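The values are calculated or read from the model by the stated rules, or taken from the named source; none is laboratory data. This one's a predicted model, so the numbers in the text were calculated from it and none came from an experiment. Virtual Cβ from ideal backbone geometry, glycine too; neighbours counted across all protein chains shown. Remember, those area values only see protein heavy atoms, side chains included, never the ligands or the DNA or RNA. Shrake-Rupley method; radii C 1.70, N 1.55, O 1.52, S 1.80 Å.
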Amino acid sequence: MDTLVLTNKQGKDVTTSLIIAEVFEKDHDKVCRDIRNLSCSQEFRAANFGDSSYISSQGKQLPMYEMTKDGFSFLVMGYTGPRAGEFKERFINEFNKREALLKNNDYIIGRAMSILHDRTKILEQQVWQKDEQIQIQEEVIKQAAPKVEYYDEVLQSETRITINVIAKELGMSAVSLNKILHDKGIIYNSSGTWVLYAKYQDMGYTDTNTFNYTDTLGRKCSRVHTYWTEKGRKFIHDIIKKCRNRA
């Protein structure tokens, strides 16, 4: 294997358990087991070993370890065999060569530019994905807007609604709303109660309820109160929207 040391995503020079298994002709699972069983401090382990993964020849994502020069040295110090010493030297020489390059200004600049290029590509991909998500969300909202607006303003309420509630939804007082409806020839005041003109009476816009009460003189009285139906509520919303669109 030619590549013994590589640069990870954080820009650090590392080797991997997979490379070590191949070079030292060991089973990768056993190399990983050796790493897990190392008698080192948690601080040393955290600083010199990291979890990573690779894609197997079967296309599966499998775990492996990355390690620094110190982590490598600690792991393989007990490895023996006819060529173990040669392999150790090759790894250490490669780490040392890369450390020496870090003192070369041209190499530092080139490496920095390479890292910057890779990070820029990642950021561009993330921005593109976010833009695509935003476009999809905007399209969904655009398609759903009429339905959402109808449910929010009209359907999500009780069957019989007072003019005060509708006026509040439209950001005005009941007095102002009644005046607009009166000016439009929709309602008129009859003995203190707003009722529909004949033109609109049979359209299902309103419902009435009679209240019985006793006045201050002890007399039994009654009063009719007008409520708006869901259909009437939508009718009023449409009227006000048209007025505001013309303004």
Checklist entry - If r is the Cβ-Cβ distance from Met172 to Gln129 and R0 is 45 Å, what FRET efficiency results, to the nearest 0.05? => result 0.55
Item to check | With all protein chains modelled, accessible area of Lys241 [1.4 Å, Å²] | outcome: 70
Checklist entry - So how exposed is Arg219, as accessible area in Å² (1.4 Å probe, rounded to 10)? => result 130
Checklist entry - What does the charge dipole of segment 8-115 about its Cα centre add up to, to the nearest 20 debye, if the Cβ of each Lys and Arg holds +1 and the Cβ of each Asp and Glu holds -1? => result 100
Checklist entry - To the nearest 10 square angstrom, how much accessible area does Arg233 have with a 1.4 angstrom probe? => result 10
Item to check | Over 19 Å between alpha carbons, listed pairs Lys179/Lys220; Lys9/Lys121; Lys9/Lys130; Lys9/Lys69; Lys12/Lys97 | outcome: Lys179/Lys220; Lys9/Lys130
Checklist outcome for this item: Length gained if Ala198 through Gln10 is fully extended, taking 0.36 nm per residue and subtracting the Cα-Cα distance, is 59.8 nm
